[in-house]
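A quick write-up on the structure given underneath.
The values are calculated or read from the model by the stated rules, or taken from the named source; none is laboratory data. Every value quoted in this text rests on a predicted model; they were computed, and no experiment measured them. Note: ideal-geometry Cβ built from the backbone for every residue, glycine included; neighbour counts use all protein chains shown.
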Amino acid sequence: MQFGHKKKPNMDGINLLVSILVCYPEIGTISFEPKEDALHFSFALQEVPPRQVYEDVGELIRESILTYHSLEGYENGRIEIYLEGQGHTAFFHIVRDIRTISQGEISMISTIMRERFGETLIVDPDSRPDDFEFDLAAHENAIDHMIGTLKIARVTNRMIGIREEGRVLVFNK
């Protein structure tokens, strides 16, 4: 065993988390959990929604994912949805396995969260550039490519992507 020898970070994994956070400012944090082979998405809400609202949105997301999988020919994968409250803030968590997730699904989930929670959803206003150089379609294609790479490659490092004052940071654990 060598001391001080660090594992090389998986650049596709890091770039995936960065691209997702840049393209979808609704997503507060995202992590890749290698032991579960899953992506964990967290959406921050300014207030804890009523239980029925949370359950309705969770069911809509679950049904939308299953319908999306049916249309795309995917087998059903892992879908976990739960709410965590901390004071007046809530975190809406979605866990998806890397094997069956796609960029289109991430876009759909972000749209549902934006439409259902509106102003309650905490969105980083500085996260997506509005200038002509930002090419959403190119970033979305890159996300699909990186997801495909992670489906094949064995990634052993846990990675966490967060937002901080208009920047995206990724930590390799």
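Taking segment 152-166 as the range and being farther than 14 Å from residue 19 by Cβ and at pLDDT 85 or above as the test, the residues that pass are 152, 157, 158, 160, 162. Are there any pairs with C-beta distances below 6 angstrom linking a residue in segment 141-158 that is hydroxyl-bearing (Ser, Thr, Tyr) to a residue that is surrounded by 14 or more Cβ atoms within 10 Å (Cβ to Cβ) and modelled with pLDDT of 85 or more, with the two at least 6 apart or on different chains, and if so which? Every condition considered, the pairs that remain are 156/34. The single residue among 14, 30 that is in a helix (DSSP H, G or I), touching a Gly at 6+ places or on another chain (Cβ under 9 Å) and either over 17 Å from residue 110 (Cα atoms) or modelled with pLDDT of 95 or more (or both) turns out to be 14. What about residue 171, is it aromatic (Phe, Trp, Tyr) and either touching a His at 6+ places or on another chain (Cβ under 7 Å) or assigned to a strand (DSSP E or B) (or both)? It is true that residue 171 is aromatic (Phe, Trp, Tyr) and either touching a His at 6+ places or on another chain (Cβ under 7 Å) or assigned to a strand (DSSP E or B) (or both). For segment 21-53, a residue qualifies if it is in contact with a His (Cβ under 9 Å, 6 or more places away or on another chain) and either of a type in the set (A, V, I, L, M, F, W, C) or within 19 Å of residue 152 (Cβ to Cβ) (or both), and the qualifying residues are 22, 23, 30, 32, 33, 41, 43, 48.
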